[in-house]
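Only one structure is covered here, and it is reproduced in the block below.
The values are calculated or read from the model by the stated rules, or taken from the named source; none is laboratory data. Since we're looking at a predicted model, the values are computed, not measured. Neighbour counts are summed over all protein chains in view; Cβ atoms, including those assigned to glycine, are modelled from backbone coordinates with ideal geometry.
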Amino acid sequence: MYQLHFYAPYSSWSLRPWILLKELNIPFEEKQIPYLQDKTALRQLLAQISPTAKIPLLTDGDTVIWDSLAIVEYLAEEYPQVWAQDKDARAWSRSVCAEMHSGFEQLRTFCNYDPLKRFNFSEICTAVEQQKVLQELQRIDQIWSQGLSRFGGDYLAGDKFTAVDAFFAPVVGRIEIYGLHGYLSDATLRYQQKIQHSATLQQWLNKENAN
Ligand SMILES: N[C@@H](CCC(=O)N[C@@H](CS)C(=O)NCC(=O)O)C(=O)O
């Protein structure tokens, strides 16, 4: 059986494969790592598990897969429902997942993923920082609007939860944490609320720290 090594609810990168496995009902064993405040101790602990000293990490017998994008692609080999059935939707999904994986630096930097807290965006960010974040949020709104209208479902690539929804789940959280709802259009706000209040995401947020 797959084993997913992660820490919850503070690891945004771990949320991606975890929520995908849960939403798709793929059996796996949860190997939750204690989230240590001492960063050196945390890094030493992670180095024992992962070649990059980072999580998430998936094992499948002797096969070890690290990095959320590689994990998703590995799962897709056995479970084609990881990506949308429609070829065009799959191509779009892979493109925006890659864009998310390698970009959105401002959002990551200034809107740290601290999912159990709430912050006032205009108080914790300077005007310049806000502008940088909002530029990226505009792109998120554009991506989500495009997926919702083009593939015609409640999810980004159609009527089922797929990897592209998993990849944007941490952004759903960041919008909630920093109260950025007002910068979304109606359809994307509905999508953000649907994911934020889904039973699966709530299960993630309620995860006990393994400490
Ligand atoms: N690109 C990697 C990023 C993984 C990553 O940065 N994970 C963070 C947790 S959210 C981590 O393990 N940080 C530990 C550290 O940097 O010491 C992925 O997609 O899995």
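Points worth noting:
- Tally, over region 38-78, of residues that are surrounded by 15 or more Cβ atoms within 10 Å (Cβ to Cβ) and in a loop (DSSP other than H, G, I, E, B): 5
Table: residues versus (1) at pLDDT 95 or above; (2) touching a helix residue (DSSP H, G or I) at 6+ places or on another chain (Cβ under 9 Å); (3) acidic (Asp, Glu).
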| position | (1), (2), (3) |
| --- | --- |
| Gln3 | yes, no, no |
| Phe6 | yes, yes, no |
| Arg16 | yes, yes, no |
| Asn25 | yes, no, no |
| Tyr35 | no, yes, no |
| Leu57 | yes, yes, no |
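- Residue under evaluation His101, criteria (1) within 16 Å of the ligand (Cβ to nearest atom); (2) closer than 22 Å to Thr188 by Cα; (3) in contact with a Lys or Arg (Cβ under 6 Å, 6 or more places away or on another chain), criterion not met: (3)
- Taking the listed residues Ala41, Ala8, Ala47, Ala89, the one that is touching a residue at least 60 places away in the same chain (Cβ under 8 Å), over 23 Å from Arg174 (Cβ atoms) and either among the small types (Gly, Ala, Ser) or touching a Ser or Thr at 6+ places or on another chain (Cβ under 6 Å) (or both) is Ala89, with no other qualifying.
- Filtering Leu46, Leu42, Leu116 for residues that are away from the ligand (no atom under 13 Å from the Cβ) and not hydroxyl-bearing (Ser, Thr, Tyr) leaves a single hit, Leu116.
- Selection of first residues in region 118-138 that are closer than 20 Å to Ser102 by Cα and of second residues that are of a type in the set (Ser, Thr, Tyr) and outside any helix (DSSP H, G or I), restricted to Cβ pairs under 9 Å at least 6 apart or on distinct chains, gives the following pairs, ordered by first then second residue: Val133/Tyr178.
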